[in-house]
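Encoded as structure tokens, here's the structure I'll be asking about.
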Amino acid sequence: MADARSGSVRCWATRCCMVATALAALVGRASAQTSSAADTTSRQLQSIRVKPENVRLNNYLHDLVGPHAIIGLVGGSLLDQVFQKDRSWDDGSHGLARQIASRAGQQAVQVSVYHGLAALMHRSTDYEPCDCRGFGAHVEHALLETFTDRRDDGSRALSIPRIAGAYAGNFATLAWEHDRSASDAVLGTTMSFGFTALFNIARELSGLGVK
């Protein structure tokens, strides 16, 4: 009777050991798979952070709604409201609101065309500061950054994306500013390049050669 009971205990213990071993193997495999999945996810997240298109997206958003873009939008609207007395809009807050909305639409078109073409043509949209010395060298570099872009190999070319974006933005306003003409749009585009050049010169001379 005792031998039978002892055999039954040994059999039960053996089965428990087998079950425990199987569970341990399953847990170990699941842990390895979880660790592998976590490593894969981590690698994927890291790769997403450094993709060139995300850099372009950040630059696009900076130029569209960044601090400099907002200041330029409001400041330019105030200047337009003060000096353009022939505008059909009134001079009050309602007129200023319409002016800001018009400039916001122009800016959205201009920035979208510029960054879209730059991506298609593989042109950089980053401002490259000059490590040169001297007033003339900084002014020359500021003008170079205004009218040229860098290719993937670092060489420079005429900034077709920037020029196309500027013209597209100014001509787009003709759709809702019916008191403007095509010549006004061309003049506005020319003046915008002048202001961009002055801003780049100021950025170079003040040591703010970053966006």
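Values quoted throughout were computed directly from the atomic coordinates according to the rules given, and no laboratory measurement underlies them. Quantities reported herein were computed from a predicted structural model and do not represent experimental measurements. With ideal geometry, Cβ positions are generated from the backbone for all residues, glycine too; neighbour counts draw on all protein chains shown.
Where in segment 115-211 are there helices (runs of 4 or more DSSP H), lying wholly inside it, with at least 3 residues that are in contact with a Phe, Trp or Tyr (Cβ under 9 Å, 6 or more places away or on another chain), within 20 Å of Leu64 (Cβ to Cβ) and touching a residue at least 40 places away in the same chain (Cβ under 8 Å)?
Numbers: elements: 135-147, 160-172, 182-205.
Passing ranges, in order: 160-172, 182-205.
Conditions first: (1) under 22 Å from Tyr60 (Cβ atoms); (2) surrounded by fewer than 17 Cβ atoms within 10 Å (Cβ to Cβ). Leu198 passes all but one, so which condition is the exception?
(1)
Now, a different point. Taking segment 169-194 only, how many residues are surrounded by 13 or more Cβ atoms within 10 Å (Cβ to Cβ) and under 18 Å from Gly75 (Cβ atoms)?
6
Please identify the pairs in which a residue from segment 69-81 that is within 17 Å of Glu177 (Cα to Cα) has its Cβ atom under 9 Å from the Cβ atom of a residue that is among the polar types (S, T, N, Q) and surrounded by 16 or more Cβ atoms within 10 Å (Cβ to Cβ), counting only partners at least 6 apart or on another chain.
Final answer for the pair search is Leu73/Gln107; Gly76/Gln99; Ser77/Gln99; Ser77/Ser102; Leu78/Gln99; Asp80/Gln99; Asp80/Ser102; Gln81/Gln99.
With respect to Gly105, determine if the residue is in contact with a Pro (Cβ under 9 Å, 6 or more places away or on another chain), surrounded by fewer than 19 Cβ atoms within 10 Å (Cβ to Cβ) and closer than 19 Å to His68 by Cβ. Before the answer, list the steps.
Details: in contact with a Pro (Cβ under 9 Å, 6 or more places away or on another chain): no; surrounded by fewer than 19 Cβ atoms within 10 Å (Cβ to Cβ): yes; closer than 19 Å to His68 by Cβ: yes.
The answer is no for Gly105.
On the basis of being over 23 Å from Ala197 (Cα atoms), out of contact with any Phe, Trp or Tyr (no Cβ under 9 Å at 6 or more places or on another chain) and part of a helix (DSSP H, G or I), does His94 make the cut?
Against the criterion (over 23 Å from Ala197 (Cα atoms), out of contact with any Phe, Trp or Tyr (no Cβ under 9 Å at 6 or more places or on another chain) and part of a helix (DSSP H, G or I)), His94 qualifies.
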